[in-house]
Amino acid sequence: MIENLLPLIALLSSLVFVATAVASWFQSGCRPNQVLFLSGLASIASLVVVVFCSSYVAKYGLLESGTLGMAGVGLSIRLDALSLLMLGMIALLGFIIIKFSKNYLDGDSRQGAFMGKLAATIASVQLLVLSGNIGLLFISWVLTSISLHRLLLFYPERPGAQIAAKKKFILARLGDASLLVASLLLYKQFGTGNLEQLFLGVKSAVFSGNVPGLVEFSALFLALAAILKSAQFPTHGWLIEVMETPTPVSALLHAGLLNAGPFLIIRMSYVMDASTVAPLLLMGLGGFTALFASVAYLTQTSIKTALGYSSVGHMGFSLMVCGLGVYPAAMLHLVAHSFYKAHAFLSSGSQIDLIRAAKVSDPAGPMSPVKVVLGIGLALLLYVGFALIWGIDPQKDLALVVIGAVIVMGLARIFTAAIARAWNPGLLARAVLLALTVTTAFFVLESATHYLLGSQVPETAILGYGKLLVAGLVLLGFALVVIIQIIAPQLSNRPSYQAMAVHVRNGFYANAWFDRMIHALDLVSPDSRQALATPATTHNQKQNRH
């Protein structure tokens with residue numbers, strides 16, 4: 001009895017958020033006391049529900065409600081370690097963002113409407129992570145896009161917001177279509193929409209060595225849905241343009257809604273693990289996006305645009321890790337990025353954070369090739385030594401070693417910065433301590449996440465030749481970028497470097513190409529197009545006068 005009742009109790013959190021959204025219809029204006037009270041109650045209820053349900057999942061394991069629907073497809077709730085980990089993250093983010101929004105929108109003539117739309121968005125994300133059936137999974141997936149669209153157009157008179165929101169709307173519908181096709185293929189193959197039965201069917205097919213072609217195609221469409229949801233290259237442009245929405249929307253978008261893509265892959269990890277092509281797509285495109293966005297991020301002059309590129313890169317890295325099959329590491333990165341990005345956006349107006357984000361010149365002299373090689377060697381030595389002590393098997397855990405190689409490149413940057421100056425044992429010791437802390441944190445937290453997720457994700461598989469090739473190319477790209485970053489101070493005054501920096505700052509014009517392809521300016525009204533064109537015209541006139 002308790003096993004069937006608990007999943008429904010988890011819905012209480014979403015229901016209070018829905019009640020907040022309904023109340024906003026009647027108090028949409030300034031200082032809506034009832035809406036503010038309900039939103040605060042909903043955020044506290046979410047935290048209580050997570051703690052309550054977690055204790056029972058730890059005791060009973062997987063808990064599922066009955067299905068409300070037909071022929072095995074409909075609405076059902078699933079409580080397991082993955083759903084509760086995501087629900088807990090959403091609850092904490094929701095609590096913080098709602099509290100911030102009460103002060104941020106205080107006195108706004110449409111504060112009630114904003115709080116209601118925010119509550120509806122949080123409720124849709126909660127339903128997504130609690131879904132136990134492909135029916136509810138698809139419905140909540142669409143609801144997250146629709147509710148986000150309403151928030152992006154909270155100031156509909158702003159042309160920039162119109163273009164970004166409508167580009168996002170087009171891509172979201174393509175993502176919805178991809179998820180719908182994947183769901184239909186899985187249902188056709190296994191005759192049920194229940195996620196647990198689907199996973200059992202896929203595991204049985206993998207064990208027998210006869211994976212149906214429909215599973216392969218469904219995994220490919222799942223990957224496409226995640227790519228479109230998480231703003232991967234070249235469809236990332238809308239994300240760096242949604243800066244005209246209120247700051248709480250940016251925090252919720254970058255810290256929560258973007259994670260729907262990696263979450264979908266982790267939730268459907270057994271389907272992805274049975275596929276050959278889909279993981280390669282995630283590794284290749286995710287790795288390239290991570291590199292592309294990271295390089296563009298370093299050249300931005302606007303802190304919010306830089307944070308936008310940062311989110312694109314982090315989502316790419318998460319999808320790349322999913323493609324490698326190291327789902328606990330992907331989940332760890334997803335949660336860590338969410339809290340980091342929420343803090344970054346909610347504090348982006350602080351002068352202290354602006355100063356910290358400013359570019360700092362490096363007083364060190366020219367970086368010799370010997371110091372670069374020495375820094376990389378020290379990082380590699382520390383990582384290999386730690387991995388041996390930790391008991392990493394290079395053959396069995398090769399995918400984890402690949403992710404660790406990315407960490408080595410980050411550690412190399414720390415060591416080269418330390419040895420670039422005159423010999424200073426204290427500075428080098430601090431670099432070793434910092435590098436050791438980063439490496440220890442990664443392996444400890446990855447192991448803890450692996451333990452928490454348990455049987456909800458497959459064990460890390462041995463990499464095939466295709467994955468090894470793609471992983472090698474991605475690692476080579478990361479290595480080149482790190483080396484360029486190390487020697488960049490010596491190149492910064494060269495005209496060719498400065499010219500390239502302009503192209504990088506504009507993201508190699510991928511967003512302009514995408515705008516042209518979908519006729520982005522045709523998506524807004526003539527008055528809005530004139531408003532967008534005016535600043536450029538004025539700038540050109542000034543240039544002509546000079």
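Here, each number is a calculation from the coordinates, and none is a lab measurement. Treat the numbers as computed from the prediction; the structure is a model and nothing was measured. FYI the Cβ positions are ideal-geometry reconstructions off the backbone, even for glycines, and counts take in every protein chain you see.
Numerical summary
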| quantity | calculated |
| --- | --- |
| Residue-count net charge about residue 39 - beta-carbon cut-off 14 Å; Lys, Arg +1, Asp, Glu -1 | +3 |
| Residue-averaged 222 nm ellipticity for the chain, from DSSP H runs of 4+ at -39500 (n - 2.57), nearest 500 | -25000 deg cm²/dmol |
| Principal axis dimensions, the stretch 133-349 - Cα atoms, whole angstrom, descending | 56, 31, 25 |
| Charge dipole of the chain about the Cα centre (unit charges at C-beta), most positive-ward option of 66, 458, 298 | 298 |
| When the stretch 363-505 is reduced to its Cα atoms, the Kirkwood hydrodynamic radius in Å | 17.2 Å |
| Nitroxide proxy distance, nm - points 7 Å out along Cα→Cβ at residue 59 and residue 31 | 4.6 nm |
| Cβ-placed point charges (K, R +1; D, E -1), dipole of the chain about Cα centre in debye, nearest 20 | 1260 debye |
| Proximal charge balance of residue 165 [Cβ under 12 Å; K/R count +1, D/E count -1] | +3 |
| Cα→Cβ-extended label distance, 7 Å offset, between residue 484 and residue 513, nm | 1.6 nm |
| Radius of gyration, Dmax [the stretch 124-229; alpha carbons; angstrom] | 16.4, 58 |
| Residue order, fewest to most beta carbons within 10 Å, for 484, 266, 403 | 484, 403, 266 |
| The stretch 1-131, dipole about Cα centre (Lys/Arg Cβ +1, Asp/Glu Cβ -1), debye to the nearest 20 | 280 debye |
| Sites residue 503 and residue 9, calculated FRET efficiency, Cβ-Cβ separation with R0 51 Å, nearest 0.05 | 0.40 |
| Kirkwood Rh, Cα atoms: Rg over Rh of the stretch 157-205 | 1.32 |
| The stretch 1-131: C-alpha pair distances exceeding 17 Å, % | 56 percent |
| 3J(HN,Hα) from dihedral phi, the stretch 380-389, Karplus parametrisation 6.51/-1.76/1.60, rounded to Hz, x for glycine, proline | 5, 4, 5, 5, 4, x, 5, 4, 5, 5 |
| Positive dipole terminus of the stretch 1-131, leading residue within 27, 84, 128 (C-beta point charges) | 27 |
| For residue 141, net neighbour charge (Lys/Arg +1, Asp/Glu -1) across residues whose Cβ lies under 9 Å away | 0 |
| Sorted by Cβ density within 10 Å, fewest first, the residues 229, 467, 99 | 99, 467, 229 |
| Normalised contact order of the stretch 206-359, rounded percent, pairs of Cα under 8 Å and 6 or more residues apart | 29 percent |
| Ellipsoid semi-axes in whole angstrom, largest first, where each is sqrt(5λ) of the Cα gyration tensor of the chain | 36, 32, 23 |
| Likely footprinting exposure, 322, 53, fewest C-beta neighbours within 10 Å first | 53, 322 |
| Spacing of the two label points (7 Å from each Cα toward its C-beta) at residue 48 and residue 347, in nm | 3.1 nm |
| Sites residue 424 and residue 389 - FRET efficiency at Förster radius 30 Å, r taken between beta-carbons, to 0.05 | 0.65 |
| Normalised per residue, the volume of the convex hull around the Cα set of the stretch 211-284 (Å³) | 77 Å³ |
| Theoretical gain in end-to-end length, residue 174 to residue 339 [0.36 nm per residue, Cα-Cα removed] | 56.6 nm |
